[in-house]
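The values are calculated or read from the model by the stated rules, or taken from the named source; none is laboratory data. The structure presented is a predicted model; accordingly, all values stated were derived computationally and were not measured. Here Cβ is always computed from backbone atoms with ideal geometry, including for glycine, and neighbour counts include all displayed protein chains.
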Amino acid sequence: MLQATVKKVKRGSLTYTDRCRSYDGLVMYGLQHERVDHSQMFSNGRVCINGIEGFWSCAKERLLKYHGIGRENFGYYLKELECRYNNRENLDEKVHEALRNWVG
């Protein structure tokens, strides 16, 4: 897991993980590293692992409906899912507002 992370994450990036020992060497590879110990808490200030786990759970469920997405469009789908997730409480209101502004 450590090697895959080091290959994909830009040196100097701030990474957030749980306390899995597989991430122990991230700092040695030039990454900043903060952890959350789930046995004691689920967030530590701005570090909250459950947020990203919740996002990917919703994203995977929605992406399964497409039966595969090409690499060239994956970023667009991901941005849509990010918007949906970040506005899940008032998504309809946001869409209507955007449409009103667009139509004029």
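Check region 71-85 and report whether any residue there is more than 14 Å from the chain's Cα centre (by Cα) and at pLDDT below 85. The answer is no; no qualifying residue exists. Of the residues examined, Phe42 is not one that is at pLDDT 80 or above and either surrounded by 10 or more Cβ atoms within 10 Å (Cβ to Cβ) or among the aromatic types (Phe, Trp, Tyr) (or both). Taken over region 68-95, the criterion of being surrounded by 11 or more Cβ atoms within 10 Å (Cβ to Cβ), of a type in the set (Asp, Glu) and not in a helix (DSSP H, G or I) is satisfied by no residue.
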